[in-house]
1. Which one is surrounded by the most Cβ atoms within 10 Å (Cβ to Cβ) among residues in region 90-114 that are touching a strand residue (DSSP E or B) at 6+ places or on another chain (Cβ under 9 Å) and of a type in the set (Gly, Ala, Ser)?
2. Is there a residue in region 89-105 that is touching a Gly at 6+ places or on another chain (Cβ under 8 Å), farther than 30 Å from Thr32 by Cβ and without any contact (Cβ under 8 Å) to a residue 12 or more places away in the chain?
3. Looking only at region 27-45, filter to residues that are surrounded by 10 or more Cβ atoms within 10 Å (Cβ to Cβ) and not in a helix (DSSP H, G or I); which one of those is nearest to the chain's Cα centre (by Cα)?
4. Which residues, counting only those in region 63-89, are in contact with a Leu (Cβ under 8 Å, 6 or more places away or on another chain), surrounded by 10 or more Cβ atoms within 10 Å (Cβ to Cβ) and charged (D, E, K, R)?
5. Only one of Ser126, Ser131 is touching an Asp or Glu at 6+ places or on another chain (Cβ under 7 Å) and either over 16 Å from Glu73 (Cβ atoms) or modelled with pLDDT of 90 or more (or both). Can you tell me which?
6. Among the residues of region 66-89, is there at least one that is under 30 Å from Ile19 (Cβ atoms), of a type in the set (Asp, Glu) and within 31 Å of the chain's Cα centre (by Cα)?
7. Does region 138-148 hold any residues that are among the aliphatic types (A, V, I, L, M) and either in a helix (DSSP H, G or I) or surrounded by fewer than 15 Cβ atoms within 10 Å (Cβ to Cβ) (or both), and which are they?
8. Look through region 115-137, keep the residues that are farther than 15 Å from Leu85 by Cα and in contact with a strand residue (DSSP E or B) (Cβ under 9 Å, 6 or more places away or on another chain), and return whichever of them is surrounded by the fewest Cβ atoms within 10 Å (Cβ to Cβ).
Amino acid sequence: MDLSNLKPAEASVKTRKRIGRGSGSGLGGTSTRGHKGAKSRSGYSQKIGFEGGQMPLQRRVPKSGFKNINRVEYKAINLETIQALAEAKNLTKVGVEDLVQAGFLAEGQLVKVLAKGSVKSGLQISANAFSKTAEEAITAAGGTIEKI
């Protein structure tokens, strides 16, 4: 065996159907498009969602709700998570960069600290937002908060 007698596997290569090349080819005449009508003409395209004259789904289903373009999306991080991270890495300051390095956030995500769990030592926590109970819990434990 050498490169001169290599062939593709049987039935793996098909020849393209050459339509509209005369009646002798067997694919002339109507060129596989049937007889007359819009679908047989060049330039025909069906509307997106067209269902043969039946009322399309996007018109049958009612509109509902709206998308608030001013919504700010925060990633919620609990105090227990921050406390565990601080203990694991011996941190006194916990910021967004620490949470990103630990894998809790993606780069550029906004953080909101929530009050589930507790803070034992006086941690200095910086985040984009804090819940009221989280703020109270941090300051009660002798820590400080910094809103970015």
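The values are calculated or read from the model by the stated rules, or taken from the named source; none is laboratory data. Computed from a prediction, not measured in an experiment: that's the story for all the values here. Here the Cβ positions follow ideal geometry from the backbone for every residue, glycine too, while neighbour counts run over all protein chains shown.
1. Applying the filter and picking the extreme gives Gly95.
2. no
3. Tyr44
4. Lys75
5. Sole residue among the options that is touching an Asp or Glu at 6+ places or on another chain (Cβ under 7 Å) and either over 16 Å from Glu73 (Cβ atoms) or modelled with pLDDT of 90 or more (or both): Ser126.
6. Looking through region 66-89, none of the residues is under 30 Å from Ile19 (Cβ atoms), of a type in the set (Asp, Glu) and within 31 Å of the chain's Cα centre (by Cα).
7. Scanning region 138-148 gives Ile138, Ala140, Ile148.
8. Ranking the candidates gives Thr133 first.
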